Amino acid sequence: MRSIDQPGPPTPERIQWVEGWGRAFTFTLQAGLPLLEAARRGFAAAGFSSGTLNIRGGALGPFAYVMPALSKTGANAAFYSDVFRPVGVTRLKMGAMTLGARDGAPFFHCHALWSEACGRSNGGHVLPEETVVAEPFEVAAFGIDGALFVAEPDPETNFKLFGPIPSVTASPKTTSRAFALRLRPNQDFASALEGFCRQHGIFRARIHGGVGSTIGAQFTDGRSVVPFATELAIRSGSVTQGAGGSLEAELDVALVEYLGGLAEGRLLRGDNPVLMTMELVLEVLDEGRGS
């Protein structure tokens, strides 16, 4: 399986996780607000300070983003491009967001695909500080109680990355047992989720959010993405029992690679290692006694 040398030593715990309770809900992002504030208000209205969003369309403007890029200094295994600020209204095709905190204030990590006003299709990492909701649009959210995604220095990658930490319960209305996860580099995405579910006695789970990167990509239909640096968002995902009873993760994703190529499809199990990080929430739908 492919791997990339990271600047720091690997952390022994390859999945950072916190258990909590959560709930799926929808809300409308308010036009004229910064995207970060619009998302924060939607979660706060439901009693949550952290969670995920899945986006199926929407309009942003002003809009700013970066793409994956090679590292110019060698301080990181890959880095970000310069900032792009397309003119006019940008129309989202899809996206995924993790909402949490950075430096004591609300923050998000969001990857998406979109069409710019000039007609160009593109994708990448949406910048919270400069992006504004141009028109109201509805999003699918999952709030988590008992866990908070917080951006902290990560010695392995030399980035400040979101990861879940325990949080004081705010006691919002919740419906499901859930796990906030961050997968660390150089482990297969699907296999890591399957192993985590086996360890915790989970037979069936739904994935909410899903923001991160893989080392290129291999899809179930035989297509591949060769450039190694990507920005990825999960369109839909689940972990279920296959025909033989073993757990199988189904991960439908969209990504952009550092040369600007876009790709969408289902990831091939066993051949899609994490590049920098992968953050998501697992909603438990069926569980046993553990193993």
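Values in this text are rule-based calculations from the coordinates and carry no lab data. Because the structure is predicted, anything quoted here is derived from the model rather than measured. Here the Cβ is made from the backbone with ideal geometry for all residues, glycine too, and neighbour counts use every protein chain on show.
Consider just the alpha-carbon atoms of the stretch 138-291 and return their Rg together with their Dmax, both in angstrom.
That works out to 15.7, 46 Å for Rg and Dmax.
Need one number: nm distance between label points at Glu37 and Arg204, each 7 Å from Cα along Cα→Cβ, rounded to one decimal.
4.3 nm
Looking at Ser49, Thr28, Asn76, which one has the Cα that reaches farthest to the positive end of the dipole of the stretch 1-98 (charges on Cβ: Lys, Arg +1; Asp, Glu -1)?
Looking along the dipole axis, the top candidate is Thr28.
Where Lys and Arg each count +1 and Asp and Glu each count -1, what net charge lies around Gly124 among other residues with Cβ under 11 Å from its Cβ?
Result for the local shell: -2.
Once you put a point 7 Å from the Cα of Leu285 and another 7 Å from the Cα of Asp103, both along the Cβ direction, what distance in nm separates them?
If labels sit at Leu285 and Asp103, their model points lie 4.0 nm apart.
Counting Lys and Arg as +1 and Asp and Glu as -1, each charge on the Cβ, what is the dipole of the chain about the Cα centre in debye, to the nearest 20?
In debye, rounded to 20, the chain gives about 320.
Compute the relative contact order of the chain as a whole-number percentage, counting only Cα pairs closer than 8 Å that sit 6 or more residues apart in sequence.
24 percent.
Stretch Thr73-Ser236 to full length: gain in nm at 0.36 nm per residue minus the Cα-Cα span?
So the extension gain works out to 55.2 nm.
Placing unit charges on C-beta atoms (Lys and Arg positive, Asp and Glu negative, everything else neutral), compute the dipole magnitude of the stretch 125-222 about its Cα centre in debye, rounded to 20.
Charge dipole of the stretch 125-222: 540 debye, to the nearest 20.
Suppose every Lys and Arg Cβ carries +1 and every Asp and Glu Cβ carries -1, with no other charges. What dipole size does the stretch 16-154 come out with about its Cα centre, to the nearest 20 debye?
Its charge dipole is roughly 360 debye.
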